[in-house]
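J.: First, the structure itself, so that you have it in front of you.
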Amino acid sequence: MFASTDVGPSRLLVVTAMNENGDEYTVPLKGRLKKLKYRARGLPGRSQLEVLARATWEKLERKPVDETGSPLASLRIEVWKTRYQASSLQPQQTQIALEQFDFRQ
């Protein structure tokens, strides 16, 4: 029998927003964005990550999280999976996706 720990819940997806001042902050994903996050975490291909990025961008344009008022410059989405070392069973994070998005007009 084959078993794997590489399933959605054992992965970490982080969305980081960068403003034009160069400041970075992690974007909390709630509501509809949370559902898109789960989908992108399970299938972290460019198309799924772009769907999440576009929806996040639109939300941040309507209701910015950044308190400086500086315009949004780009979004970075990272997906990490957890692997366990065979000898010690220590968890180790391995990046499986990294995409940068800029939807400015």
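The values are calculated or read from the model by the stated rules, or taken from the named source; none is laboratory data. Keep in mind the model is a prediction, meaning the values are calculated, not measured. For neighbour counting, all protein chains shown are included, and Cβ atoms are generated from backbone atoms with ideal geometry for every residue, glycine included.
J.: Restricting the first residue to region 77-104 and requiring it to be touching a residue at least 40 places away in the same chain (Cβ under 8 Å), which pairs with a second residue that is among the hydroxyl-bearing types (S, T, Y) and surrounded by 14 or more Cβ atoms within 10 Å (Cβ to Cβ) meet a Cβ separation below 7 Å and a spacing of at least six or different chains?
T.: The qualifying pairs are K81/S10; T82/S10; Q93/T82; F101/S74.
J.: In region 58-105, what residues are in a strand (DSSP E or B) and touching a helix residue (DSSP H, G or I) at 6+ places or on another chain (Cβ under 8 Å)?
T.: Once the filter is applied, which keeps residues that are in a strand (DSSP E or B) and touching a helix residue (DSSP H, G or I) at 6+ places or on another chain (Cβ under 8 Å), region 58-105 yields L72, L75, I77, V79, K81, T82, A97, E99, F101.
J.: Related question: From (1) surrounded by fewer than 18 Cβ atoms within 10 Å (Cβ to Cβ); (2) over 12 Å from the mean Cα position of the chain (by Cα), pick out the condition that doesn't hold for L72.
T.: The failed condition is (1).
J.: Which ones in region 37-76 are of a type in the set (S, T, N, Q) and in contact (Cβ under 8 Å) with a residue 24 or more places away in the chain? Before you say what the answer is, go through the steps one by one.
T.: As a first pass, look at region 37-76 and keep what is of a type in the set (S, T, N, Q): 47-48, 56, 68, 70, 74.
Hits for region 37-76 are T56, T68, S70, S74.
Matching residues to (1) within 16 Å of Q100 (Cβ to Cβ); (2) not charged (D, E, K, R):
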{"site": "A17", "(1), (2)": "yes, yes"}
{"site": "E24", "(1), (2)": "yes, no"}
{"site": "V27", "(1), (2)": "yes, yes"}
{"site": "R39", "(1), (2)": "no, no"}
{"site": "K59", "(1), (2)": "no, no"}
{"site": "K63", "(1), (2)": "no, no"}
{"site": "E67", "(1), (2)": "no, no"}
{"site": "L75", "(1), (2)": "yes, yes"}
{"site": "T82", "(1), (2)": "no, yes"}
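J.: Just checking, which of E67, E20, E99 is on the phi < 0 side of the Ramachandran plot and modelled with pLDDT of 95 or more?
T.: Values: E67 fails: modelled with pLDDT of 95 or more; E20 fails: modelled with pLDDT of 95 or more.
The unique qualifying residue is E99.
J.: Do any residues in region 7-27 that are outside any strand (DSSP E or B) have Cβ atoms under 7 Å from those of residues that are surrounded by 13 or more Cβ atoms within 10 Å (Cβ to Cβ) and among the aromatic types (F, W, Y), where the two are at least six apart or on different chains, and which pairs are they?
T.: Hits for this filter: G8/Y38.
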